[in-house]
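Everything on this sheet refers to the single structure shown next.
Here, each number is a calculation from the coordinates, and none is a lab measurement. Everything numeric here is computed off the predicted structure, so don't read it as measured data. Here the Cβ positions follow ideal geometry from the backbone for every residue, glycine too, while neighbour counts run over all protein chains shown.
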Amino acid sequence: MKRIAVLTSGGDSPGMNAAIRAVVRAATYHDLGVYAVDRGYQGLIENRIRPMSARDVGGIINRGGTILRTARCKAFMETEGRAQAAANLKSHSIEGLVVIGGDGSYRGAQALDAEHGIRCIGLPGTIDNDIGGTDYTIGYDTALNIAVEAIDRIRDTAESHERLFFIEVMGRDSGYLSMMSGIAGGAEEILVPETPTDIPALVEKLQHDRRKGKRSSIIVVAEGDDAGRAIDVAHMVSETSEFKDPRVVVIGHLQRGGTPTAFDRILASRLGIRAVEALVQGETGKMVGIHGKSVVLHPLEEAWTNRTLFDPSLIQVAHVLAT
Ligand code: F6P
């Protein structure tokens with residue numbers, strides 16, 4: 001292994017830059033040539049591949065987003081797209097690739113390895129924290145803190161006006177971020193795709209809370225909840241109850257930007273170094289994760305066969321706290 005490349009793929013997440021920095025610096029430390037691919041798999045197909053030095057990644061550990069930019073690339077799902085990508089990598093004599101992204105990005109990496117012998121290692125980069133094989137994904141902690149800060153701010157105005165708010169938190173396939181931000185933000189109810197949402201029961205709870213003396217209520221709605229988006233849930237509640245004037249806030253992409261927390265920077269740095277070590281050791285088809293305090297390697301498919309769901313006991317935690 002003489003040359004490796006790094007790319008970011010799928011939705012960006014805070015800490016991806018810290019991971020890129022760690023990969024570039026670890027590769028330099030191990031005397032490997034290191035290349036950056038701009039715009040994820042799309043850039044790989046378009047041969048947007050350029051050499052990087054340790055100095056090129058100075059001053060980025062504290063920056064959100066990804067300096068390499070990212071894309072969701074349909075062409076890479078086709079065999080022709082992957083063949084072109086592999087040919088481009090081989091034209092630069094690049095034998096190993098570090099893919100920073102979610103499980104969809106890992107599936108692409110696995111196919112590139114199986115079809116063209118490019119050694120691939122995955123780093124979990126997504127705010128959703130829904131990837132198996134790791135306790136935490138890079139970006140989750142930052143996004144969680146942003147969501148909680150947003151809930152705190154809304155609580156101030158909700159209490160002042162004695163209002164009902166619906167706050168939509170990201171996660172089209174996963175309620176993990178919503179569940180944790182709802183617990184940390186003291187939400188009265190947290191609606192997630194993993195459990196069926198019962199609108200009449202929600203209305204009954206809100207009415208019960210008011211009878212108990214609660215003057216305001218915050219309902220966190222995961223983007224992918226089975227009852228719909230926060231605006232839909234708000235409509236259903238207002239149409240079937242005396243809560244005629246609820247407010248809806250979609251935190252949206254605010255959760256994906258901004259300065260990564262120290263936790264995300266350290267996680268990204270540790271995992272990035274391990275990814276390069278894995279390539280040096282001849283590993284392929286693996287993802288790097290954190291379990292407890294240890295950095296671990298798992299097969300890439302662990303990401304989707306063993307997806308991280310929140311512990312169902314947390315539903316009870318949220319329920320008890322909202323009494
Ligand atoms: O997977 C990360 C994520 O931010 C999800 O939480 C969200 O559902 C999705 O990406 C949004 O994607 P886009 O940026 O393409 O709108």
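Worth a mention:
- Relative contact order of the chain, taken over Cα pairs closer than 8 Å and 6 or more residues apart, is 24 percent.
- Of the trypsin sites (Lys or Arg not before Pro) found in the range 1-63, those that fall in a DSSP loop while having at most 14 other beta-carbon atoms within 10 Å are LYS2.
- With the highest mean first, a sort of the peptides 163-171, 249-257 on other beta-carbon atoms found within 10 angstrom per residue produces 163-171, 249-257.
- P(r) tail, the chain: Cα-Cα pairs separated by more than 37 Å, 24% of all pairs.
- Whole-Hz ³J(HN,Hα) from phi, Karplus 6.51 cos²θ - 1.76 cosθ + 1.60, for the range 77-87, glycine and proline x: 6, 9, 4, 5, x, 5, 5, 5, 4, 5, 4
- Gyration tensor verdict on the range 57-216 (Cα atoms; rounded if a/c is under 1.5, prolate if a/b is larger than b/c, oblate otherwise): prolate
- Dividing the summed helix terms, -39500 (n - 2.57) for each DSSP H run of n ≥ 4, by the number of residues in the chain produces a 222 nm estimate of -13000 deg cm²/dmol to the nearest 500.
- Lysine pair count for the chain [Cα-Cα under 21 Å; pairs on different chains or 8 or more apart]: 7
- The charge dipole of the range 141-257, taken about the Cα centre with unit charges on the Cβ atoms of Lys, Arg (+1) and Asp, Glu (-1), comes to about 380 debye, rounded to the nearest 20.
- Dipole magnitude of the range 36-89 about its Cα centre (Cβ charges: Lys, Arg +1; Asp, Glu -1), debye to nearest 20: 200
- Among LEU7, TYR35, ALA158 the positive-end extreme of the charge dipole of the chain (Cβ point charges): TYR35
- Cα centroid of the range 153-209 to Cα centroid of the range 232-294, whole Å: 18
- Leading residue at positive end of dipole, the range 57-127 (Cβ point charges), from ILE118, GLY64, ALA86: GLY64
- Summarising the label geometry, the points placed 7 Å from Cα in the beta-carbon direction at LEU309 and ARG215 lie 4.0 nm from one another.
- The residues neighbouring MET170, those whose beta-carbon lies less than 13 Å from its own, together hold a net charge of -4 under the Lys/Arg +1, Asp/Glu -1 convention.
- Entry note, the range 141-257: relative contact order of 38 percent, from Cα contacts under 8 Å with a spacing of 6+ residues.
- Rh by Kirkwood over Cα pairs, then Stokes-Einstein D for the range 141-257 at 1.306 mPa s and 10 °C, µm²/s: 115
- Estimated dipole of the chain in Debye, rounded to 20 [Cβ of Lys and Arg +1, of Asp and Glu -1, Cα centre]: 1180
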